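The values are calculated or read from the model by the stated rules, or taken from the named source; none is laboratory data. Computed from a predicted structure; not experimentally measured. Cβ coordinates were reconstructed from backbone atoms using ideal geometry, including for glycine residues, and neighbour counts include every protein chain displayed. We work out accessible area using only protein heavy atoms, side chains counted, and drop any ligands, DNA or RNA first. Shrake-Rupley method; radii C 1.70, N 1.55, O 1.52, S 1.80 Å.
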Amino acid sequence: MIRIDGSYGEGGGQILRSAIALSCVTGETVEIYNIRANRPKPGLKAQHMKGIEAARLLCDAEVEGLRPGSTRVIFRPGEVRVRDLRIDIGTAGSITLLLQTILPPLLHAGKECRLEITGGTDVSWSPSIDYFRFVTSSALRELGADLDIDVIRRGYYPKGGGKVVVHIRESELEGRRFEEVRCEAVRGVSHCSNLPAHVAERQARAARRLLESSNYRAEIETEVRRDYSTGSGITLYCGYKGAVSLGEKGKRAEKVGEEAALELLRELGMSGAFDRHLADQVMIAGAIARGTTEYTTTEVTMHTRSNAYVINSFFPDSVEIDGNRLRIRGMKN
């Protein structure tokens with residue numbers, strides 16, 4: 001049994017998601033203890049439980065400690081059974097965080113399937129669905145992942161109700177070295193639901209103004225919807241770097257657009273092939289690939305170090321961090 005200290009590093013849900021994903025891939029039983037021990041309300045929340053439940057369904061696992069507030073979980077996986085799945089996270093639980101748990105074992109299995117997931121597409125403390133579509137998935141495709149992501153409905157906090165369909169085709173992950181990409185044109189999506197169209201337009205206009213003042217061409221789509229939940233947001237990206245800002249009550253649309261633009265400009269102004277968020281999001285894929293994956297990042301975050309801890313617990317000395325450079329030796333080396 002592999003034992004993982006859930007309070008290590010950033011001590012949040014990332015450790016749990018990565019440990020469960022690698023347990024499914026390897027077939028190794030894993031115990032995660034001290035789950036979210038440093039948080040104001042330690043233990044499992046509904047979002048984490050949904051991820052574990054989806055993984056249990058995927059590989060016929062036996063699970064101990066799967067209850068709200070639990071600080072210890074034992075996950076005993078069976079064999080991954082690739083098949084079409086329909087998952088309802090409920091309310092505005094993050095779809096992209098759930099994908100962090102179940103996508104690695106599905107890609108590793110290398111078979112075709114379809115996922116239909118209902119929940120939050122654009123919610124705080126998680127990658128937006130557009131970031132996942134245009135930044136994370138871009139890097140995963142370079143590693144050999146063959147997948148498409150379609151947004152059927154958007155889901156915002158607190159109602160959620162967004163729907164995403166993920167098509168995964170036969171894939172074989174292969175490590176590679178990523179180089180820094182020169183950015184000439186920033187792309188993006190500014191969206192709103194059940195709000196006046198000018199909200200999405202003002203978000204885009206404010207972001208475009210800042211980007212163009214820094215000599216970047218900006219191509220930002222606007223998307224006005226009438227979905228189940230109400231909200232707005234914008235995702236900007238260029239190459240392997242992106243930024244997200246979400247609307248909220250009392251927050252001017254211009255502020256939303258400016259936040260995303262300033263965040264992306266910060267990332268583009270720093271040395272590194274990946275932004276600080278992408279750096280940790282592709283680590284599991286690199287760990288289960290054939291060969292070695294290598295890249296630099298604008299910042300080595302605690303999320304990145306926490307992921308390195310989990311991966312090295314399954315595959316000793318797999319991840320090396322040297323300054324802002326990561327080198328990940330895949331399990332098939």
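Values for this structure:
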{"quantity": "Distance between modelled label sites at E184 and E116, nm, 7 Å Cα→Cβ extension", "calculated": "4.2 nm"}
{"quantity": "Value of [θ]222 nm, deg cm²/dmol, for the chain, DSSP H segments ≥ 4, -39500 (n - 2.57) each, nearest 500", "calculated": "-9500 deg cm²/dmol"}
{"quantity": "Relative contact order computed over the stretch 171-252 (Cα-Cα under 8 Å; 6+ residues apart), in percent", "calculated": "36 percent"}
{"quantity": "The stretch 198-299: equivalent-ellipsoid semi-axes (sqrt of 5 x gyration tensor eigenvalues, Cα, Å)", "calculated": "29, 17, 11"}
{"quantity": "Shape metrics for the stretch 200-244, restricted to C-alpha atoms - Rg then Dmax, Å", "calculated": "11.9, 38"}
{"quantity": "Among the listed pairs K41/K249; K163/K249; K50/K163, those beyond 21 Å (Cα-Cα)", "calculated": "K41/K249; K163/K249"}
{"quantity": "Under 20 Å from K111, Cα to Cα: lysines that are on another chain or at least 8 residues apart", "calculated": "K332"}
{"quantity": "Heavy-atom SASA rank of S313, S23 (probe 1.4 Å, accessible area, largest first)", "calculated": "S313, S23"}
{"quantity": "FRET efficiency for K249 and K41, using Cβ-Cβ distance with R0 set to 30 Å, rounded to 0.05", "calculated": "0.80"}
{"quantity": "With DNA, RNA and ligands ignored, accessible area of K45 (1.4 Å probe; Å², nearest 10)", "calculated": "110 Å²"}
{"quantity": "Over the stretch 1-146: Kirkwood hydrodynamic radius from C-alpha pairwise inverse distances, Å", "calculated": "15.4 Å"}
{"quantity": "Relative intensity, log₁₀ I(q)/I(0), of the stretch 243-298 from a Debye sum that treats every alpha carbon as a point, q = 0.15, 0.30 Å⁻¹", "calculated": "-0.57, -1.11"}
{"quantity": "Residue among A261, I52, S70 farthest towards the positive dipole end of the chain, charges placed on Cβ", "calculated": "S70"}
{"quantity": "Rounded accessible area of C24 (nearest 10 Å², 1.4 Å probe)", "calculated": "10 Å²"}
{"quantity": "Relative pair counts by distance (%), Cα atoms of the stretch 92-196, 10 Å bins", "calculated": "14, 43, 31, 11, 1"}
{"quantity": "Solvent-free Debye scattering, log10 I(q)/I(0), computed from the Cα coordinates of the stretch 44-86 at q = 0.21, 0.29 Å⁻¹", "calculated": "-0.65, -1.02"}
{"quantity": "When the convex hull of its Cα atoms is projected in every direction, mean area for the stretch 257-333 (nm²)", "calculated": "5.1 nm²"}
{"quantity": "Cleavage-rule hits (GluC sites (Glu not before Pro)) in the stretch 141-220: DSSP loop, at most 13 neighbouring Cβ within 10 angstrom", "calculated": "E170, E179, E184"}
{"quantity": "The stretch 108-156 - Rg and Dmax from Cα coordinates, angstrom", "calculated": "11.9, 32"}
{"quantity": "Cα shape, the stretch 176-235, gyration tensor, a/c 1.5 rule", "calculated": "oblate"}
{"quantity": "In the stretch 81-158, trypsin sites (Lys or Arg not before Pro) in a DSSP loop with at most 16 other beta-carbon atoms within 10 Å", "calculated": "R81, R83, K111"}
{"quantity": "D (Stokes-Einstein, µm²/s), Kirkwood Cα radius, the chain, 1.567 mPa s at 4 °C", "calculated": "65 µm²/s"}
